[in-house]
Each structure stands twice: as C-alpha cells, then as structure tokens.
Amino acid sequence: MVFGIVYLKTRQNLAMIEKGMNPNQRTKRSTPTYLKWGMLLIGAGVGLLSAFLLDTLLIPREIEPVALYFSLIAIGGGIGLVASYRMDKKELLNGNND
C-alpha cells in the first residue's frame with residue numbers, strides 16, 4: 001500500500017512537470033475548511049430542529065420518528081454543503097479569493 005501511494009505521488013509529480021507546473025508549489029485549497037464544516041453543522045442543526053418540530057407538532061405518538069430525524073439531518077447537512085459550495089463559487093467568480 002505504501003508503495004502504491006509513493007508510486008501514484010511520483011506519477012502525479014511527473015504529470016505536473018510535463019504540463020509545466022511546479023510540483024513543489026502547493027495548490028491553494030479553494031474552499032476554507034471552516035466554512036464547509038460550519039455550513040454542514042448549521043444545516044444538520046436546522047434539520048434536527050425541523051425534525052423535532054415535525055415530531056412534536058404533527059406526528060402521533062404511536063409512530064416512531066427515527067427515520068425522520070436521520071433523513072432531515074442528512075438533508076439539512078447536504079443543503080449546508082451545497083450552500084458552502086455556492087458561497088465559495090461566488091467568491092471565486094468575484095475574484096475575492098485572497
């Protein structure tokens with residue numbers, strides 16, 4: 001496994017040299033990690049809150065709403081990641097990526 005990782009890294013470096021890029025120069029990550037995690041957690045929190053409100057107000061007590069909680073947390077987290085992507089894309093298009 002270590003051999004495979006080193007081999008692929010070497011091939012990546014050779015491909016970068018062939019394209020005229022410097023393999024020692026680190027590429028800057030486009031999306032800040034804190035933005036992505038923040039939006040993910042905000043989305044999951046909103047999903048959890050909405051699942052709680054739906055459970056409390058609309059669902060009768062005989063039904064177990066476990067699937068509702070998991071699905072709305074996942075949907076909220078996904079919406080948060082999409083929002084993070086759109087914010088990052090908008091920042092890149094405006095040229096404010098310093």
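Could you say whether any residue in segment 5-14 is touching a Leu at 6+ places or on another chain (Cβ under 8 Å) and of a type outside the set (A, V, I, L, M)?
Checked segment 5-14: no residue is touching a Leu at 6+ places or on another chain (Cβ under 8 Å) and of a type outside the set (A, V, I, L, M).
If you go through segment 57-80 one residue at a time, do you hit one that is surrounded by 13 or more Cβ atoms within 10 Å (Cβ to Cβ) and of a type in the set (D, E, K, R)?
Scanning segment 57-80, I find no residue that is surrounded by 13 or more Cβ atoms within 10 Å (Cβ to Cβ) and of a type in the set (D, E, K, R), so the answer is no.
Could you list, in sequence order, all residues of segment 81-98 that are under 14 Å from residue 45 (Cβ atoms) and open to solvent by 70 Å² or more (accessible area, probe 1.4 Å)?
Of everything in segment 81-98, just one residue is under 14 Å from residue 45 (Cβ atoms) and open to solvent by 70 Å² or more (accessible area, probe 1.4 Å), namely 81.
Might you check whether a residue that is open to solvent by less than 80 Å² (accessible area, probe 1.4 Å), closer than 30 Å to residue 11 by Cβ, part of a loop (DSSP other than H, G, I, E, B) and of a type in the set (Ser, Thr, Tyr) occurs anywhere in segment 28-51?
Yes, segment 28-51 contains at least one residue that is open to solvent by less than 80 Å² (accessible area, probe 1.4 Å), closer than 30 Å to residue 11 by Cβ, part of a loop (DSSP other than H, G, I, E, B) and of a type in the set (Ser, Thr, Tyr).
The values are calculated or read from the model by the stated rules, or taken from the named source; none is laboratory data. All values reported here derive from a predicted model rather than from experimental measurement. With ideal geometry, Cβ positions are generated from the backbone for all residues, glycine too; neighbour counts draw on all protein chains shown. Accessible surface is based on the protein model in full, side chains and every heavy atom, while ligands, DNA and RNA are left aside. Shrake-Rupley method; radii C 1.70, N 1.55, O 1.52, S 1.80 Å.
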